[in-house]
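To start, the structure under review is shown below, and the notes come after it.
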Amino acid sequence: MIKIKNITFAFKNQKIFKDFNLEIREEETTLITGINGTGKTTLLRLMAGVLNPHQGEIEYSKELGKNPKAKIGFISDQMHLYENMKLTEAMACQI
């Protein structure tokens, strides 16, 4: 189970999520879809721990163990930075 509670995330002046909530239950398949620029990749990066929400929290079920982010992977098909993002800023988002 992954439970996203009231997360807010923005990069510079671009708000990506504000008070966003989502719950993915055990043994449930979830499709994340939408047009380009709607936050799908950002959501996956938040869930994998590559990015951290500015507000809110992401909870993981105890069945995922002590370090659930280690069991969640995110591999992008291309290197991507937000518009006007410097490489040093992108590196600062990493855990």
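The values are calculated or read from the model by the stated rules, or taken from the named source; none is laboratory data. Everything numeric here is computed off the predicted structure, so don't read it as measured data. Glycine gets a Cβ as well: all are built from the backbone with ideal geometry, and neighbour counts include every protein chain shown.
Please identify the pairs in which a residue from the stretch 30-53 that is more than 18 Å from residue 89 (Cα to Cα) has its Cβ atom under 6 Å from the Cβ atom of a residue that is exposed (fewer than 13 other Cβ atoms within 10 Å of the Cβ) and of a type in the set (Gly, Ala, Ser), counting only partners at least 6 apart or on another chain.
Going by the 6 Å Cβ cut-off, the qualifying pairs are 40/34.
Looking at the stretch 1-48, which of the residues that are small (Gly, Ala, Ser) and at negative phi is surrounded by the fewest Cβ atoms within 10 Å (Cβ to Cβ)?
My answer is 10.
Residue 63: farther than 19 Å from residue 89 by Cβ and at pLDDT below 90, yes or no?
So residue 63 fits the description; yes.
Any idea which of (1) in contact with a strand residue (DSSP E or B) (Cβ under 7 Å, 6 or more places away or on another chain); (2) free of Cβ contacts under 8 Å to residues at least 12 places away in the same chain; (3) of a type in the set (D, E, K, R) is the one residue 59 doesn't satisfy?
The one condition residue 59 does not meet is (2).
Can you tell which of 95, 35, 75 is of a type in the set (A, V, I, L, M) and at pLDDT 85 or above?
Just a single option satisfies the conditions, and that option is 35.
Is it fair to say residue 46 is at pLDDT 85 or above and touching a Pro at 6+ places or on another chain (Cβ under 7 Å)? Walk me through it before giving the result.
Values: at pLDDT 85 or above: yes; touching a Pro at 6+ places or on another chain (Cβ under 7 Å): yes.
Against the criterion (at pLDDT 85 or above and touching a Pro at 6+ places or on another chain (Cβ under 7 Å)), residue 46 qualifies.
Restricting to the stretch 8-29, give me the number of residues that are among the hydrophobic types (A, V, I, L, M, F, W, C), within 18 Å of residue 68 (Cα to Cα) and touching a residue at least 24 places away in the same chain (Cβ under 8 Å).
0
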